[in-house]
Each structure stands twice: as C-alpha cells, then as structure tokens.
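Chemist: Before anything else, here's the structure in question.
The values are calculated or read from the model by the stated rules, or taken from the named source; none is laboratory data. The shown structure was predicted, so the numbers you read here are calculated from the model rather than taken from an experiment. As a convention, Cβ positions derive from the backbone with ideal geometry for all residues, glycine included, and neighbour counts pool all protein chains shown. Ligands, DNA and RNA are stripped out before the accessible areas are found, and what is left, the full protein with its side chains, is counted by its heavy atoms. Shrake-Rupley method; radii C 1.70, N 1.55, O 1.52, S 1.80 Å.
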Amino acid sequence: MISAIIFSENFAASSWCREEVSKIMECRGKRGQLVVPIFYHVNPSDIRKQTGNFGKDLAEHERNRPIDKIEKWRHALTEAGNLSGWHLAGDRFTVNGNLFFHLLARPEAIVIDEIVQDILSKLKRVSSVEYEGLFGMSIPMEQIKSLLCIGGKGVRIVGITGMGGTPRIGSAFTKNRFRRERVLVVRDDISELDQLESLTVDHDCFGAGSRIMVTSRDKQVLRHRVGAIFEVQELNSNDSLQLFCKYAFKQLHLDVHFQNLSGRVLEYAKGIPIALKVLGASFYLKCFEYWESALNKLKEYPEPKILNILKISFEELSDIEKNIFLDIACFFKFYDRDHVTKLLNYDGAAYCGISYIADKCLLNIREDNILWIHDLLQEMGQSIVRQES
C-alpha cells in the first residue's frame with residue numbers, strides 16, 4: 001500500500017489530518033508502508049520542524065490536547081517532513097540528502113500527472129507483495145474495471161456496496177482545483193448523502209476521463225451520485241478455504257487432522273471474509289479439543305469481533321427499522337415480502353422499512369419477492385433479542 005500525504009497551508013488546523021498522518025507513519029514503521037509526501041505551497045522544513053505559519057497554526061490547535069497525543073502528532077510530522085517527496089513551489093533542491101521538486105514554473109496539471117506516474121511506478125514494484133493473500137478478487141476486479149469504462153472520455157462514478165465484513169479537502173477548493181483535470185478519486189465508507197456533497201463527488205467537478213469510486217453500506221446514498229453500483233458478494237468455497245487456512249494454519253491448504261472441523265467453520269462463516277479471518281486467527285496453533293469447544297460455543301455465543309462489524313449498519317437504523325429487522329431475523333427468513341409487510345404493518349411503515357433495511361445491505365429481497373438474510377446477520381439479530389430479553 002502507498003499513502004500520499006498532501007500538506008497544505010491549513011493542514012495543521014484539522015485534527016482529522018493530524019490523526020491521519022500519525023496513523024500513516026505508524027503503518028510505515030510497523031508494516032513498511034510506502035509514503036509519498038506532497039508539499040502544496042508549504043515549506044517541507046516547516047512541516048519537519050513545525051515552524052513558520054504551519055507551526056503557529058499547529059500550536060493554536062494543540063491547546064487543551066493530551067501531551068502524549070501532541071508528541072505523537074509532532075513526531076509523525078517530523079518523520080513525514082524528512083521523506084523524499086514533491087514540493088509545489090519552485091526549482092529542485094536537496095535537504096538532508098532528500099530530493100524535492102519545486103514546481104511553480106510548470107502547470108499543476110503536468111505536475112500532478114508526474115506525481116501519479118511516480119506513485120504508479122512505486123505501486124508496480126510492490127504489487128506482487130501487496131496482492132498476496134487477497135482471495136476471490138480477480139473476478140470482482142474485472143467487473144469493477146468494466147463498470148469504470150476505463151478509456152472513456154466522460155466522468156464515471158461507480159459505487160461499491162456490500163454487507164459489513166466484505167472486502168469499500170474542502171468542496172470549493174476541490175471544485176476549482178480539479179474541474180479541468182483527469183483524476184482518480186477513491187472515497188471509502190460513505191454513509192450520508194451530505195458526505196458526498198461536501199466532497200463534491202459529481203460529474204462537473206472533474207475533467208473528462210476522471211474515475212471516481214465510492215464505497216458505502218447504503219445503496220440509496222450511492223444511487224444519488226453514481227453511474228453504476230457493484231455489490232460485493234461472499235467468497236466462494238475455494239477462496240473461503242484459502243483465506244481461512246492462511247490464518248488458521250499459515251498456509252493455503254487444510255491440515256488433514258482438522259479437515260472436518262475446518263468444514264464446520266466454513267459452513268458457519270458462509271463466505272464472509274471477516275468471519276474467516278477472525279475465526280482462523282483464533283484457532284491458530286490450538287489443539288483439537290479447543291476447536292471442538294470453540295465451535296460448540298459459537299452456537300449460543302457468537303464471536304464479538306464479528307458481531308461488532310456486522311452491527312455497524314444495524315445501529316444506523318431507526319427504532320422501527322431495528323424492530324422490523326429483528327422480526328425478520330427471528331421469524332420471517334424465506335417469507336414472501338408482501339406477506340411479511342401485512343403481518344408486521346408498523347402503522348404502514350413496514351414496506352418502506354424493509355426497503356431501507358435492504359438498502360443497508362442487511363437484507364436481500366430476491367427476484368421472487370422472498371426475504372433472505374445471511375446466516376451471520378440472522379445470528380446477530382437473534383443474539384440482540386436474547387440480550388434484550
């Protein structure tokens with residue numbers, strides 16, 4: 001993975017930006033993540049030493065913050081400021097052996113293209129490592145590429161959605177900055193329409209040939225802005241097996257001594273990557289008796305780490321929608337949607353409630369109008385009911 005950090009004049013004023021650079025530099029230290037700093041009309045020395053206007057701004061927004069957090073931010077900024085990167089300001093110069101590029105004399109569109117090419121070349125060098133262990137992605141990637149219509153002249157916006165646990169700058173500045181430029185934008189985990197609007201994710205904000213990908217658990221949010229929606233599906237049996245074995249045995253094939261027990265895990269997870277990862281990691285180097293006991297426990301006490309991921313979309317529902325979901329999870333899986341709507345009613349709110357739940361990827365309405373819910377989501381709903389009773 002590569003992270004590009006864009007340092008601008010107002011960077012220090014954003015607590016979110018400070019947290020992000022801290023996390024990025026932490027990933028660089030722990031996992032060797034590549035980092036490309038881009039200094040947009042700011043002096044790299046000011047970032048590194050927290051001096052000048054950048055330093056004053058940072059000090060202003062550090063008031064009443066915990067000392068340990070301030071030290072973490074400043075350490076991360078010093079680290080990032082010492083990295084080789086791109087400087088949009090003038091001629092080339094070197095600081096501490098690091099080469100920077102002053103680029104004021106050339107159009108920014110050309111500079112951005114050079115930055116993109118530089119990042120792409122770095123990605124190519126690490127791609128064989130980065131994609132190792134990603135299972136079941138080849139077909140979805142080809143489908144997404146097809147939806148993006150790569151090579152087309154217009155602006156194309158594609159949404160990516162799916163249930164929890166599956167593999168998803170200011171508006172005025174963005175609109176003026178990128179209106180005539182060809183860009184690739186990826187926005188992850190959008191839950192509200194306001195977020196898309198504040199990010200100016202729209203066709204008139206970018207140059208011809210631009211491609212924008214937006215991930216969200218809410219299909220209705222995506223429908224407002226995207227040209228096509230790709231719904232991530234569960235992994236097939238072979239990919240599920242390889243992903244589970246990677247975490248349970250540190251290899252891509254089964255340990256024959258645990259073949260039957262592994263089959264029970266795969267049946268339980270039903271292709272949900274987060275479940276396969278969490279359970280696989282928990283079984284690593286454990287004995288036969290532990291596996292048997294843990295699988296028996298899952299029948300009544302679901303794994304909290306899995307449930308917490310799946311509950312994210314559930315917690316965003318209204319009280320009526322939560323009740324509808326729980327009713328379906330406990331009583332009405334595989335029932336006809338019209339029949340369930342009449343039974344539940346909820347003062348006429350059942351029909352739109354079921355539609356909203358489906359938009360949140362918590363429920364599927366099949367072509368034959370039958371309600372279907374993934375086993376893990378059903379188990380989550382039943383677990384919630386048991387806790388409330």
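Chemist: Given R₀ = 41 Å, what would the calculated FRET efficiency be for Gln251 paired with Asp347, taking r from the Cβ atoms and rounding to 0.05?
Modeler: 0.15
Chemist: Might you tell me the accessible area per residue for segment 8-75, computed with a 1.4 Å probe and given in Å²? Before the final figure, lay out each step's value.
Modeler: On the way: 3970 Å² over 68 residues.
With all protein chains present, segment 8-75 gives 58 Å² per residue.
Chemist: Can you list the residues, at least 5 places off or on another chain, whose amide H is less than 5 Å from the amide H of Ser3, using H built in the peptide plane?
Modeler: Those qualifying (amide H under 5 Å, at least 5 residues apart or on another chain) are Leu34, Val35, Val36.
Chemist: Next question. Under a 5 Å amide H to amide H cut-off, with H placed in plane at 1.01 Å, what residues pair with Glu234 once short-range neighbours are removed?
Modeler: For Glu234, whose amide H was placed from the backbone, there are no distant partners under 5 Å.
Chemist: Restrict the search to segment 294-389; then list the chymotrypsin sites (Phe, Trp or Tyr not before Pro) that DSSP places in a loop and that have at most 10 other Cβ atoms within 10 Å of their Cβ.
Modeler: Sparse-neighbourhood loop chymotrypsin sites (Phe, Trp or Tyr not before Pro): Phe334.
Chemist: Output wanted: per-residue J couplings in Hz (rounded whole) for segment 70-87, from phi through Karplus 6.51 cos²θ - 1.76 cosθ + 1.60, θ = phi - 60°, x for Gly and Pro.
Modeler: 3J(HN,Hα) across segment 70-87, in whole Hz: 4, 4, 5, 4, 5, 4, 5, 5, 4, 4, 5, x, 8, 7, 5, x, 10, 10.
Chemist: Hey, got the dipole for segment 239-389? About the Cα centre, +1 on K and R Cβ, -1 on D and E Cβ, debye to the nearest 20?
Modeler: I would put it at about 560 debye.
Chemist: HN-Hα J couplings of segment 310-325 from phi, Karplus 6.51/-1.76/1.60, θ = phi - 60°, integer Hz, Gly and Pro as x?
Modeler: Coupling constants for segment 310-325: 5, 7, 4, 5, 4, 5, 7, 7, 6, 4, 5, 5, 4, 5, 4, 4 Hz.
Chemist: Return the distance in nm (one decimal) between the two label points of a simple spin-label model at Glu20 and Gln382, each offset 7 Å from Cα along Cα→Cβ.
Modeler: Placing both labels 7 Å beyond Cα along the Cβ direction yields 4.2 nm.
Chemist: I've got another one for you. Assuming R0 = 45 Å, can you tell me the calculated FRET efficiency for the pair Lys122 and Asp319, based on Cβ-Cβ distance, to the nearest 0.05?
Modeler: Numbers: r = 49 Å, r/R0 = 1.08.
Efficiency at R0 = 45 Å is approximately 0.40.
Chemist: Here is a follow-up. Which one of Phe39, Trp16, Ile2 is farthest out on the positive end of the charge dipole of segment 2-63, using unit charges on Cβ (Lys, Arg +1; Asp, Glu -1) and the Cα centre as origin?
Modeler: So the residue we want is Ile2.
Chemist: Would you pull out the residues with amide H under 5 Å of Trp86's amide H, same chain only if 5 or more places away, H placed 1.01 Å from N?
Modeler: Here Ile38, Phe39 satisfy the definition.
Chemist: Can you sort Arg225, Arg48, Arg28 by 1.4 Å-probe accessible area, starting with the largest?
Modeler: My answer, sorted largest first, is Arg28, Arg225, Arg48.
Chemist: Let me check something: with ligands and nucleic acids excluded, how do Ser14, Ser84, Ser237 order by accessible area (1.4 Å probe), largest to smallest?
Modeler: Working: Ser14 35, Ser84 65, Ser237 95 Å².
Largest accessible area first, the residues go Ser237, Ser84, Ser14.
Chemist: Now a separate question. Using only protein heavy atoms and a 1.4 Å probe, report how much of Tyr284 is accessible, in Å² to the nearest 10.
Modeler: Here the residue's solvent-accessible area equals roughly 90 Å².
Chemist: If you add up the charges near Cys361, with Lys and Arg at +1 and Asp and Glu at -1, over every other residue whose beta carbon is less than 9 angstrom from its beta carbon, what do you get?
Modeler: Result for the neighbourhood of Cys361: 0.
Chemist: Given 10 Å bins starting at zero, what is the percent of C-alpha pairs of segment 183-340 in each, up to the one with the largest pair distance?
Modeler: Histogramming segment 183-340 at 10 Å steps yields 9, 27, 27, 24, 12, 2, 0 percent.
Chemist: Under 12 Å from the 7 Å Cα→Cβ point of Asp338, by amide nitrogen: which residues of segment 355-382?
Modeler: 369-370
Chemist: Using the basic label-point model (7 angstrom from Cα toward the beta carbon), what is the Ser293 to Ser389 distance in nanometres?
Modeler: Simple spin-label model gives 2.8 nm for this pair.
Chemist: Let me ask something else about it. Note down the relative contact order for segment 238-303 as a percent, whole number, built from C-alpha pairs under 8 angstrom at least six residues apart. All intermediate terms of the calculation are to be shown ahead of the outcome.
Modeler: Working: 57 pairs, mean separation 23.3, N = 66.
The normalised contact order for segment 238-303 reaches 35 percent.
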